[in-house]
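What follows draws every value from the coordinates through simple rules; no lab data is involved. Since the model is a prediction, treat every value here as computed from it, not as a measurement. Glycine gets a Cβ as well: all are built from the backbone with ideal geometry, and neighbour counts include every protein chain shown.
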Amino acid sequence: MRQEPFSGEFREGMPFLGGSLWIDFVNTTPIIKGELLDLIGTESALSHWAAQANIGTPDTENRDDPAALHALRAQLADAFDRLAASEPLPADLIATINGLIERSSVRRRIGAGAAVEEHVEYGGPPVASAVAWDFAHFLDAFEHQRMRHCDNPACTMQFYDVGKNNRRRWCTMSLCGNRDKVAQYRERKAIARQH
Ligand SMILES: [Zn+2]
């Protein structure tokens, strides 16, 4: 069970544009075409999302509890804003994350290119554990000024800007960036007509 590095934007219509798995997890309530969706709202939706997130869910013993996942998502959404504002994280979130990662074990080996490869075996529910691991790694090395909400006020998505210039404004150009360009163009045209 290895998490692939961030790539692409949409996988089968689901946004994976947060720059980190835990942010993609928070972004599972996107507004697409004016409709608020919950991409982990049902068991089948959840396993579909997990597959696109490259999280293997092999054993039936440790299943993710939908209610626990929804609670974790709400906690992490709150954590996103706290981290972006350089505020401390609540103790109950830390306890939840520790509870998940303490059940997992890590094996390391030297792989291709003499790089150390990390293989995590999740001892707890797979989606919650993978998200918790990602969040813990994220805390290790992040810059708070790279954490932003999409500039479109009608959009719910947030992201970690991994770009060199840290100037990303939109979740995606296709969903929100181009919309803004069109709006600006119309505005300029309307102003031009008034003169
Ligand atoms: Zn957006």
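Here are the numbers for this structure:
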| quantity | calculated |
| --- | --- |
| For the chain, size of Cβ-based charge dipole, Lys and Arg +1, Asp and Glu -1, in debye | 1220 |
| Crossing angle, helix 178-194 versus the chain [Cα axis fit, 0-90 degrees, rounded to tens] | 10 |
| Region 12-94: C-alpha gyration tensor shape, a/c 1.5 cut-off, then a/b vs b/c | oblate |
| Residue-by-residue Karplus 3J(HN,Hα) for region 103-108, coefficients 6.51, -1.76, 1.60, Hz, glycine and proline x | 7, 9, 10, 10, 10, 10 |
| Loop-located trypsin sites (Lys or Arg not before Pro) in region 33-97 whose Cβ has at most 10 other Cβ within 10 Å (DSSP) | 33 |
| Total formal charge among the other residues, if their Cβ is under 15 angstrom from that of residue 163, Lys/Arg +1 and Asp/Glu -1 | +2 |
| HN-Hα J in Hz across region 77-93 - Karplus 6.51, -1.76, 1.60, θ = phi - 60°, x for Gly and Pro | 5, 5, 4, 4, 5, 5, 5, 4, 8, 6, 9, x, 8, x, 4, 5, 5 |
| GluC sites (Glu not before Pro) restricted to DSSP loop in region 33-111 with at most 10 other C-beta within 10 Å | 61 |
| 172, 42 arranged by Cβ crowding within 10 Å, fewest neighbours leading | 42, 172 |
| Loop-located trypsin sites (Lys or Arg not before Pro) in region 141-195, at most 10 other Cβ atoms within 10 Å (DSSP) | 164, 167 |
| Summed side-chain charge close to residue 13 - residues other than residue 13 whose Cβ falls under 14 Å, Lys, Arg +1, Asp, Glu -1 | -3 |
| Euclidean distance between Cα centres, region 48-86 to region 163-184, Å | 26 |
